[in-house]
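The values are calculated or read from the model by the stated rules, or taken from the named source; none is laboratory data. Bear in mind the structure is a predicted one, so any value in this text is a computation, not a measurement. Here the Cβ positions follow ideal geometry from the backbone for every residue, glycine too, while neighbour counts run over all protein chains shown.
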Amino acid sequence: MSHSLPKLRFAYDALEPYLDARTMEIHHSKHHQGYVGKLNKALEGHPVFSAMSLDELLQSLDRIPEDTRQSVRNNGGGHANHSLFWTVMGPQCGGEPQGALAKDMDSAFSNFKQFQQQFTAAALSRFGSGWTWLTLDENHKLAIESTPNQDSPLIDNRRPILGLDVWEHAYYLKYQNRRADYIDAWWNVVNWSSVAKLHADQTLPLESTPG
């Protein structure tokens, strides 16, 4: 299968004033597209791995030939991470989660405010480039974690349901080096409805776009 850039469900300027249109355009059409192109290139001549879904590919890195493994890890991770990132944001969003997701978050983190503080702290403390995640393990237990570069929690068999990109390319045009301001703004565009659907369905492919 040939991996492709997913379409956004909103316009590049739809997340203004929190995330600016120019950053969104470059982030999606240049950075994410770059990961997709390099992933497809890395998989050329490897039909077994080319036929795998993105999830399966990242969970099978130890089977991939060593000369292409790091490229698949970097670019497959970049593709997976961004594919999720676009689905968990939207205009007129923010607020707090509801229903089963809210109950599980209260159980894991005491309350939403505590979760938000812990997630923000993890994002601020990620040195250099990387991501911060809300993940589910095989027992459907929630956890906050952070990964370097484009590493995906899928590599370690954990399913991300919320992810925040803290690479500078995600915010530098608007926020320069003010990562804290970017994180504060990002909470206003989190689409908790999409996160709740990912929480309810661990098998949902990353390539799809929950409503």
* Taking region 8-33 as the search range and keeping residues that are closer than 18 Å to D165 by Cβ and free of Cβ contacts under 8 Å to residues at least 12 places away in the same chain, which one is nearest to the chain's Cα centre (by Cα)? -> K30
* Flag if S83 is under 17 Å from the mean Cα position of the chain (by Cα) and modelled with pLDDT of 95 or more -> yes
* Could you tell me whether S53 is crowded, with 19+ Cβ neighbours inside 10 Å and within 28 Å of R9 (Cα to Cα)? => no
* Asked: Any idea which of H32, H46 is outside the structural domain of P153 (by TED's automatic domain parsing) and within 15 Å of F85 (Cα to Cα)?
  -> H32
* To do: Could you pull out the residue among S107, S125, S129 that is among the hydroxyl-bearing types (S, T, Y) and in contact with a Phe, Trp or Tyr (Cβ under 6 Å, 6 or more places away or on another chain)?
  => S129
* To do: Consider A143 carefully, then state whether it is within 22 Å of P17 (Cβ to Cβ), modelled with pLDDT of 95 or more and of a type in the set (G, A, S).
  => no
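Every residue, every condition in (1) among the aliphatic types (A, V, I, L, M); (2) buried (at least 18 other Cβ atoms within 10 Å of the Cβ); (3) in contact (Cβ under 8 Å) with a residue 12 or more places away in the chain, yes or no:
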site: V36; (1), (2), (3): yes, yes, yes
site: N40; (1), (2), (3): no, no, yes
site: G45; (1), (2), (3): no, no, no
site: F49; (1), (2), (3): no, yes, yes
* Asked: How many residues are small (G, A, S) and over 22 Å from D137 (Cα atoms) when one looks only at region 162-195?
  -> 3
* Asked: Any idea which residue in region 154-199 is surrounded by the most Cβ atoms within 10 Å (Cβ to Cβ), counting only those that are closer than 21 Å to P97 by Cβ and among the acidic types (D, E)?
  -> D165
